[in-house]
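Colleague: Below you'll find the structure I mean.
The values are calculated or read from the model by the stated rules, or taken from the named source; none is laboratory data. All values derive from a computational prediction rather than experimental measurement. Every residue, glycine as well, gets a Cβ built from its backbone with ideal geometry; the counts of neighbours run over all protein chains shown.
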Amino acid sequence: MTQQQFSGVDFPRRFRNALGMFATGITVVTTRTPAGEPIGLTVNSFNSVSLDPPLIVWSLSNDLPSRGLFEACEYYAINVLAEDQVELSQRFASRLDDKFAGLDFETGVGGVPLLKGCCARFECRNTQRYEGGDHLVFISEVLSFDREERKPLVYFGGAYRRLAD
Ligand SMILES: Cc1cc2nc3c(=O)[nH]c(=O)nc-3n(C[C@H](O)[C@H](O)[C@H](O)COP(=O)(O)O)c2cc1C
């Protein structure tokens, strides 16, 4: 194994490549603007934190236009994508004006959009936020959740994957 340096022109790429060795699922984090419009983005920084109290974590880039809306919202939902939902991941990672156009969704606490066909969904209260370098880190209380027996969409090495049987 080669020791990597925290400098040099290709440092960001080498760091990303190393981080990409950690396989994750894919989620879409959704909420509503104060005007009631549904918004959401694709997120793979989601993870569990605590069982008692029930807490989860994810981080949001400071560069995104939706940062202020997520920072200020009271509730949001984490939608864990299933293996047949690559299109949803791409849609919510895009800069589309209305990412919910033509999308059939349900409504949770505080009106948060809940996507259909997911492996699991967590409805959260936006409780604690921390500055984390170029991201804002959310640690939030889970108010309710549901789960379906579906295979998850997996992200590894910068590509979408499926679980082997
Ligand atoms: C697989 C994948 C994972 C992502 N994870 C995150 C993440 O954890 N945090 C984040 O801020 N952006 C993440 N992004 C990028 C956002 O989804 C992307 O910047 C999106 O355009 C943001 O939506 P907005 O432009 O409507 O604000 C991810 C993108 C992909 C494809």
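Colleague: Given the conditions (1) of a type in the set (A, V, I, L, M, F, W, C); (2) within 14 Å of the chain's Cα centre (by Cα); (3) at pLDDT below 95, and given that LEU96 satisfies all but one, which numbered condition is not satisfied?
Modeller: (2)
Colleague: For segment 119-141, give me each residue that is farther than 19 Å from GLU71 by Cβ and assigned to a strand (DSSP E or B).
Modeller: Within segment 119-141, ALA120, ARG121 meet the criteria.
Colleague: Would you call THR24 surrounded by fewer than 20 Cβ atoms within 10 Å (Cβ to Cβ), within 23 Å of VAL154 (Cα to Cα) and either near the ligand (Cβ under 8 Å from one of its atoms) or modelled with pLDDT of 95 or more (or both)?
Modeller: Judged against the criteria, THR24 is a match.
Colleague: Report, by residue number, each residue of segment 129-145 that is surrounded by 13 or more Cβ atoms within 10 Å (Cβ to Cβ) and farther than 30 Å from ASN17 by Cβ.
Modeller: GLU141, VAL142, LEU143, PHE145
Colleague: Looking only at segment 91-118, how many residues end up being more than 14 Å from the ligand (Cβ to nearest atom) and assigned to a loop (DSSP other than H, G, I, E, B)?
Modeller: So the count comes out to 8.
Colleague: Ok, one more. So which residues in segment 32-89 are hydroxyl-bearing (Ser, Thr, Tyr), under 15 Å from the mean Cα position of the chain (by Cα) and either away from the ligand (no atom under 13 Å from the Cβ) or surrounded by 16 or more Cβ atoms within 10 Å (Cβ to Cβ) (or both), if there are any at all?
Modeller: THR42, SER45, SER48, SER59, SER66, TYR75, TYR76, SER89
Colleague: Moving on. Among (1) under 23 Å from ARG147 (Cα atoms); (2) touching a residue at least 40 places away in the same chain (Cβ under 8 Å), where does PHE70 come up short?
Modeller: (1)
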